[in-house]
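S.K.: Shown below is the structure under consideration.
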């Protein structure tokens, strides 16, 4: 049975909303990590920062970043100098 175009359009709208929510979650996650790493305090051109993020993404896609030395520093806030305070 074929779907009417109105139902397909409604599904597209629903999927676009889901995509927007997923992108927002991803952006918030990456933003929190960037702030913890101290990027919020650095004045840097947006294009330059995007290039740096692209380099990191390439590194992880190639598997070079698969085994971090320690995740404990990140989870406790030591990486951002908080040393377990927050």
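S.K.: Is it the case that some residue within the stretch 48-62 is more than 12 Å from the chain's Cα centre (by Cα) and touching a residue at least 12 places away in the same chain (Cβ under 8 Å)?
M.R.: No, that holds for no residue.
S.K.: While we're looking at this one, here's another question. Quick check on my filter: what residues within the stretch 45-86 are modelled with pLDDT of 90 or more and farther than 21 Å from residue 26 by Cα?
M.R.: Passing the criteria: only 45.
The values are calculated or read from the model by the stated rules, or taken from the named source; none is laboratory data. Here the structure is a predicted model, which is why all the values come from computation and not from measurement. Methodologically, a virtual Cβ is constructed for each residue, glycine included, from the backbone with ideal geometry; neighbour enumeration extends over all protein chains shown.
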